[in-house]
Amino acid sequence: MKKTNKLKILLIFVVLLFAGNVSGQCDTDMFLDQCASGLGTYNYIKSFSVNVTPRKKAIPEYSYVFSKGSTYMLIVCDQNMSGGKMIVTLYDRGHNFIASTYDEKTNKYYSDLLYSCEATGVYYIRATFEGTKGGCGMCILGFDKE
């Protein structure tokens, strides 16, 4: 009888462990394969994985040093879930807004953002999702020397 109870408890534990992981998985490798081609002639620099759940209150922020005279491209790749599109916003070293993949005035989303850098320094990339649902995605950074 004791063996059966221990086996049942172990089985329940394993099922709960895997059930929790399956629902929270974010396969960003799939996004990289699908979206890197969007860089075109730009050189791939880095990709940033973004996985935000409704329980997480922190906004993912990444930093990278941009060089004067280069043009940078940020590509947004997400799960395309209704009510949860990913928005990427670029800030300068003083956290001043530069540009975003979402235009509030026109209520329009863009899949990429181009920025022609005029000052070398640290720039910040923030990724959020519309609404409060959260989501899964990736931001790909590329550059082209002018």
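The values are calculated or read from the model by the stated rules, or taken from the named source; none is laboratory data. If you're wondering where the values come from, they're calculated on a predicted model, not measured in any experiment. Neighbour counts are summed over all protein chains in view; Cβ atoms, including those assigned to glycine, are modelled from backbone coordinates with ideal geometry.
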> From the residues in the stretch 77-99 that are closer than 19 Å to F143 by Cβ and not β-branched (V, I, T), which one is nearest to the chain's Cα centre (by Cα)?
Replying inline: C77
>> Tell me yes or no: at least one residue of the stretch 106-121 is touching a Phe, Trp or Tyr at 6+ places or on another chain (Cβ under 6 Å), in a loop (DSSP other than H, G, I, E, B) and modelled with pLDDT of 95 or more.
In response: yes
> Would it be correct to say that I45 is touching a Leu at 6+ places or on another chain (Cβ under 6 Å) and over 24 Å from D29 (Cβ atoms)?
Replying inline: no
> Listed residues I140, I87, I98; which is assigned to a strand (DSSP E or B), over 26 Å from T53 (Cβ atoms) and either among the acidic types (D, E) or touching a strand residue (DSSP E or B) at 6+ places or on another chain (Cβ under 9 Å) (or both)?
Replying inline: I98
> Within the set of pairs 6+ apart or on separate chains, which have a first residue in the stretch 58-69 that is surrounded by 11 or more Cβ atoms within 10 Å (Cβ to Cβ), a second that is aliphatic (A, V, I, L, M) and part of a loop (DSSP other than H, G, I, E, B), and C-beta atoms under 6 Å apart?
Replying inline: K68/A119
